[in-house]
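Asker: I'd like to ask you about the structure that follows.
The values are calculated or read from the model by the stated rules, or taken from the named source; none is laboratory data. Just so you know, these numbers come straight off a predicted model, no measurement behind them. Positions of Cβ are backbone-derived with ideal geometry, glycine not excepted, and every protein chain shown enters the neighbour counts.
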Amino acid sequence: MFRARASGFFVGFGVAGVLAAYQLRQDILKSHEVLVIQADEYKGKLEKRVAALESSVSSLKAEVAEAKKSAAAATAAATAAMTAAASSPAPADAAAPSE
């Protein structure tokens, strides 16, 4: 009688263990699928943000290059004006002191 009860207990315990392992496996698979979907969504959002940042960086680089060109042109113009002013003779009125 004890054998029958013990064997029944162990068979039930084994079946319950197998069912619990199967359920745990299914839960893990579902969780994995959810995590993969979330990771794909975050990856898509991140790629969009990176693309936006890259475009803004490239536009800022273009603005900086344009600013450097205009600054170089302004510097060249100022240098030319100073050179022209230094090489031109002084007006006669400015040279004579007023009494």
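Asker: From Ala80, Ala90, which residue is small (Gly, Ala, Ser) and either at pLDDT 95 or above or part of a helix (DSSP H, G or I) (or both)?
Answerer: Numbers: Ala90 fails: either at pLDDT 95 or above or part of a helix (DSSP H, G or I) (or both).
Sole residue among the options that is small (Gly, Ala, Ser) and either at pLDDT 95 or above or part of a helix (DSSP H, G or I) (or both): Ala80.
Asker: Answer yes or no as to whether Ala73 is surrounded by 10 or more Cβ atoms within 10 Å (Cβ to Cβ), in a helix (DSSP H, G or I), of a type in the set (A, V, I, L, M, F, W, C) and at pLDDT below 85. Give the steps one after another, and end with the answer.
Answerer: Values: surrounded by 10 or more Cβ atoms within 10 Å (Cβ to Cβ): yes; in a helix (DSSP H, G or I): yes; of a type in the set (A, V, I, L, M, F, W, C): yes; at pLDDT below 85: no.
Spelling it out, it is not the case that Ala73 is surrounded by 10 or more Cβ atoms within 10 Å (Cβ to Cβ), in a helix (DSSP H, G or I), of a type in the set (A, V, I, L, M, F, W, C) and at pLDDT below 85.
The rows are residues; the columns are (1) touching a Gly at 6+ places or on another chain (Cβ under 6 Å); (2) surrounded by fewer than 10 Cβ atoms within 10 Å (Cβ to Cβ); (3) among the hydroxyl-bearing types (Ser, Thr, Tyr).
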{"position": "Phe10", "(1), (2), (3)": "no, no, no"}
{"position": "Ser55", "(1), (2), (3)": "no, no, yes"}
{"position": "Ala80", "(1), (2), (3)": "no, no, no"}
{"position": "Ala84", "(1), (2), (3)": "no, yes, no"}
